[in-house]
Amino acid sequence: MLAQIMPGTEELLQREMVTAYLGTDPTADSLHIGHLCGIMMLRHLQRCGHKPIILVGGATGMIGDPSGKSQERNLLDSDTLYHNQECIKQQVAKFLDFEAEGENAAEMVNNYDWMKDFTFLDFAREVGKHITVNYMMAKDSVQQRLNGTARDGLSFTEFTYQLLQGYDFLYLHQHKGCKLQLGGNDQWGNMTTGTELIRRTLGNDEEAFALTCPLITKSDGKKFGKTETGNIWLDPKRTSPYKFYQFWLNVSDEDAERYIKIFTSLERETIDALIEEHRQDPGRRVLQKRLAEEVTTMVHSKEALDAAIEASGILFGKSTKEALEKLDEQTLLDVFDGVPHFQVSREALGAPAVELLTREDVQVFASRGEMRKMVQGGGVSLNKEKLAAFDRPVTADDLIDGKYLLVQKGKKNYYLLTVTE
């Protein structure tokens, strides 16, 4: 989990209780799994007796950080930022203890609180004079944007981002006794600007350190947290627990070995034993299953994990109509994402199954004869129940969630019908 660390950081952590912070921009009302590595760093920090602070960049979120970006991001209004902050705190509370007794309870702060009344002239005088343009220009994040292919170049607003982030560290150092900043490795330039600002403002004897985690990528080198369909979010309304569980279950063997060390709180001995067991028989996917269980439980709940496992069984194993009816609509759609999907009007209900499933616009079966033969052989199910007669009427009582019909043809062929008004 360690990419870069400033000399003296380890000694500091062993010597005293350290207050450390990690910043995140509230550009959405949910974190995604790309944020998890930093959150896990804070979790480890608190479990070792140190004090974690999560800083929500209400002010910096209004500007945008050029690190790792090729273009300027959209700016948010204060109502949206506040809403996003509250949602993020609820998510982070599953990882950090905000109610802990003693001095190391987790805390959430928003840099908008100390930046909103800071005038540009004051900022230029109190902060800007300590850091030279030469120093700022030398940062990789700035160089990449200046020399890259971005049409718009780098705006002055974004150029000042490292000063604003540096001031956050200075402010927290002065008001919260914060001596350590954590972040992703693309933040190293901004973070070291913060340690430099503290020393130039308060004196070279001030203790200020930075520690980064690697940017997590998949074994193919692609950025972690992104899939073909977008981010995997921590908010169950954005990414259902079933889809979340499936993401971890389907990572490669190589990725599973890395991820289980980063995204779970399992002991090293347990992880080593799991890796060894997995290598003996990779087909059982022991590592992926345990990884998926641990992370889904941590981010959602044990109940959500159980529901996700049961939902997985509907598509990949034997299941019942009751299990199907227990699924919420989003999970149902996620489970059967990718299977042939047809729409029929409500007026079609009441017709015999053979008529409904051989229509031109449905085509589950190529012909009435094919369907009759399969039904007689026991090879057709409606909503996970064997269809006893090919001509039995399909009515509104058969609908799942009031609008879905699941047809299974043979062992593996599924079809989802949505009944529209």
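Only helices (runs of 4 or more DSSP H) whose full extent lies in region 317-369 are considered here, and none of them has at least 1 residues that are buried (at least 16 other Cβ atoms within 10 Å of the Cβ) and basic (Lys, Arg).
The set of residues in region 214-236 that are among the small types (Gly, Ala, Ser) and either open to solvent by 100 Å² or more (accessible area, probe 1.4 Å) or at pLDDT 80 or above (or both) comprises Ser219, Gly221. As a summary of the residue check, Ser265 satisfies the conditions (1) closer than 18 Å to Cys213 by Cβ; (2) part of a helix (DSSP H, G or I) except for the one numbered (2). Looking only at residues in region 371-421 that are of a type in the set (D, E, K, R) and not in a loop (DSSP other than H, G, I, E, B), the one that is most open to solvent (accessible area, probe 1.4 Å) is Lys373.
Of the residues making up region 86-96, just one is over 16 Å from the mean Cα position of the chain (by Cα) and either of a type in the set (Lys, Arg) or open to solvent by 20 Å² or more (accessible area, probe 1.4 Å) (or both), namely Glu86. Quick one: Thr239 ticks every box in (1) at pLDDT 95 or above; (2) under 14 Å from the mean Cα position of the chain (by Cα) except a single one, so which number is it? Result: Thr239 fails condition (1) only.
The set of residues in region 272-316 that are of a type in the set (Asp, Glu) and assigned to a loop (DSSP other than H, G, I, E, B) contains only Asp281.
Of all residues in region 20-34, those that are farther than 7 Å from Asn84 by Cβ have Cβ atoms under 7 Å from Cβ atoms of residues that are open to solvent by 40 Å² or more (accessible area, probe 1.4 Å) and in a helix (DSSP H, G or I), 6 or more apart or on another chain, in Thr24/His35.
Of everything in region 283-314 that is farther than 21 Å from Asp272 by Cα, touching a residue at least 12 places away in the same chain (Cβ under 8 Å) and open to solvent by 40 Å² or more (accessible area, probe 1.4 Å), the residue that is farthest from the chain's Cα centre (by Cα) is Glu310.
Please state which one of Lys139, Lys179 is surrounded by 13 or more Cβ atoms within 10 Å (Cβ to Cβ) and in contact with an Asp or Glu (Cβ under 6 Å, 6 or more places away or on another chain). After applying the criteria, what remains is Lys179.
Suppose the filter is at pLDDT 90 or above and surrounded by 15 or more Cβ atoms within 10 Å (Cβ to Cβ); does Phe118 pass it? Taking the combined requirement at face value, the residue satisfies it. Restricting attention to region 237-262, the residues that are surrounded by fewer than 22 Cβ atoms within 10 Å (Cβ to Cβ) and either touching an Asp or Glu at 6+ places or on another chain (Cβ under 6 Å) or farther than 17 Å from Lys222 by Cβ (or both) add up to 6. Residues in region 1-58 that are among the small types (Gly, Ala, Ser), assigned to a loop (DSSP other than H, G, I, E, B) and surrounded by fewer than 22 Cβ atoms within 10 Å (Cβ to Cβ): Ala3, Gly8, Ala28, Ser30, Gly49.
The values are calculated or read from the model by the stated rules, or taken from the named source; none is laboratory data. On a predicted model such as this, the values are computed, not experimentally measured, just so you know. FYI the Cβ positions are ideal-geometry reconstructions off the backbone, even for glycines, and counts take in every protein chain you see. Surface areas here come from the heavy atoms of the whole protein model, side chains and all, with no ligands, DNA or RNA. Shrake-Rupley method; radii C 1.70, N 1.55, O 1.52, S 1.80 Å.
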